[in-house]
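Notes to accompany the following structure.
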Amino acid sequence: MSATAQKSGFVAIVGLPNTGKSTLFNAVMGQKLAIVSPKPQTTRYRLTGVLTTDEGQMALVDLPGLFKPKSHFQEKMIGRSLEALEGADVVWYVRDLDDEPLSDVEFSFGRRSEVLRDLQREKKLIIVINKVDTLAREKLLPYIDALQQSLLPHEEAPIPPIVPLSARRPSDKGTLRLLQETWALLPDGPLVYPKETRTDRNTEFFASEFVREQVFRLIRKEIPYGIGVTIDHVEAAKKRKREKQRFWATICVSKETHKGILIGDGGKMLKQIGTKARQNLMGLLRTRCELFLHVAVKPEWHRHDELATPGERRG
Ligand SMILES: Nc1nc2c(ncn2[C@@H]2O[C@H](COP(=O)(O)OP(=O)(O)OP(=O)(O)O)[C@@H](O)[C@H]2O)c(=O)[nH]1
Ligand SMILES: [Mg+2]
């Protein structure tokens with residue numbers, strides 16, 4: 001009796017901003033690792049989640065949404081997505097229903113239809129239609145039909161799987177099918193990460209991201225786009241035999257007026273940001289946490305590489 005070969009490879013999650021890529025990533029990982037908000041361009045950094053099962057190992061990469069960048073900072077964000085796209089064995093192209101099936105979008109590196117067709121030729125593509133919980137059932141089939149028209153005919157390349165799902169629904173059947181389709185496309189190979197590895201990022205990364213997430217969720221308009229979060233110091237403490245992690249973080253803003261809004265009346269807003277971020281951090285680390293937040297005006301924060309790619313494990 002021969003043992004079944006193990007699958008192993010990288011899965012890049014790409015699509016327009018706000019289509020639910022990070023929500024899907026968390027659903028598949030079964031825990032909150034990636035940050036999510038109703039605003040587009042929430043994800044700025046690459047985040048790998050490692051899923052090891054009897055089938056093998058899938059390294060899922062959550063990425064910034066694709067669009068045409070207007071600044072150097074955005075160019076860097078999109079650059080991370082492109083790099084991951086090139087190195088991926090399978091690509092989940094996530095769209096939501098607001099995104100017209102036949103409309104085309106210009107990325108910095110070509111038109112969407114061309115990008116998808118290249119991936120289709122390489123047999124790497126799975127198209128995910130997310131947020132189907134918001135759609136009347138009878139509208140889904142015409143939507144899929146229209147979507148297929150924009151792909152290459154099967155004489156030229158195999159039609160890729162098109163998987164409708166709701167990343168927000170627990171145990172969604174579509175999400176389970178997406179995993180099956182993905183294992184089928186992944187190559188055979190040895191495990192890349194140790195079995196118990198869940199992510200390539202360290203604790204500081206999640207602390208800084210969970211703070212940034214709350215700024216995206218709680219603060220209006222353009223302010224979240226101009227902030228960065230640094231973790232300045234971390235300390236492990238023990239109180240009456242109970243472990244505790246303490247984090248000191250700075251929210252860097254570009255304007256003095258933004259500082260006031262982040263702090264809020266009597267410090268109310270900053271407290272709210274800190275409380276929610278701390279709860280999420282405790283959920284992830286499964287230990288008690290304290291989070292000390294500070295706001296500083298540092299208009300040049302995004303020029304520092306350290307800030308632009310926080311918490312990546314090296315080697
Ligand atoms: N109704 C519904 N909303 C969803 C679903 N999945 C995600 N959302 C919502 O869509 C919004 C964007 O979700 P994200 O996961 O942050 O989207 P993203 O594609 O990672 O966005 P960027 O990182 O900005 O590119 C959030 O408000 C989510 O709660 C879904 O299946 N159904
Ligand atoms: Mg995201």
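Here, each number is a calculation from the coordinates, and none is a lab measurement. As the structure is a prediction and not an experimental result, all values here were calculated from the model. Cβ sites come from the backbone with ideal geometry, for glycine too, and all protein chains shown count toward neighbours.
At-a-glance table
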item	result
For the stretch 7-185: relative contact order, % (alpha-carbon pairs under 8 angstrom, 6 or more apart)	23
GNM result for the chain, Cα springs below 10 Å: residue of Arg121, Arg44, Arg220 fluctuating most strongly	Arg220
Burial ordering of Tyr143, Tyr45, fewest other beta-carbon atoms within 10 Å first	Tyr143, Tyr45
Added length on full extension, which subtracts the Cα-Cα distance from 0.36 nm per residue, Glu83 to Asp98	2.7 nm
Gaussian network model of the chain, Cα within-10 Å springs - most flexible of Lys221, Lys173, Lys68	Lys221
Beta bridges by DSSP in the stretch 203-308, antiparallel share as percent, to the nearest 5	50
Modelled label reach - Arg177, point 7 Å along Cα→Cβ, the stretch 89-122 residues with backbone N closer than 19 Å	91-98, 101
Pair Arg137, Ser150: separation of 7 Å Cα→Cβ label points (nm)	2.6
Linear extension gain, Ser113 paired with Lys238, 0.36 nm per residue minus alpha-carbon span	39.5 nm
Potential lengthening between Gln6 and Arg220 on full extension [0.36 nm per residue; Cα-Cα distance subtracted]	72.4 nm
Cα shape, the stretch 262-304, gyration tensor, a/c 1.5 rule	oblate
Neighbour-count order for Ser254, Ser103, fewest beta carbons within 10 angstrom listed first	Ser103, Ser254
Contact order normalised by residue count of the stretch 203-308, Cα under 8 Å, 6+ apart, percent	31
The stretch 7-185: C-alpha gyration tensor shape, a/c 1.5 cut-off, then a/b vs b/c	rounded
Mean separation of Cα contacts under 8 Å (6+ apart) over length of the chain, as relative contact order %	17
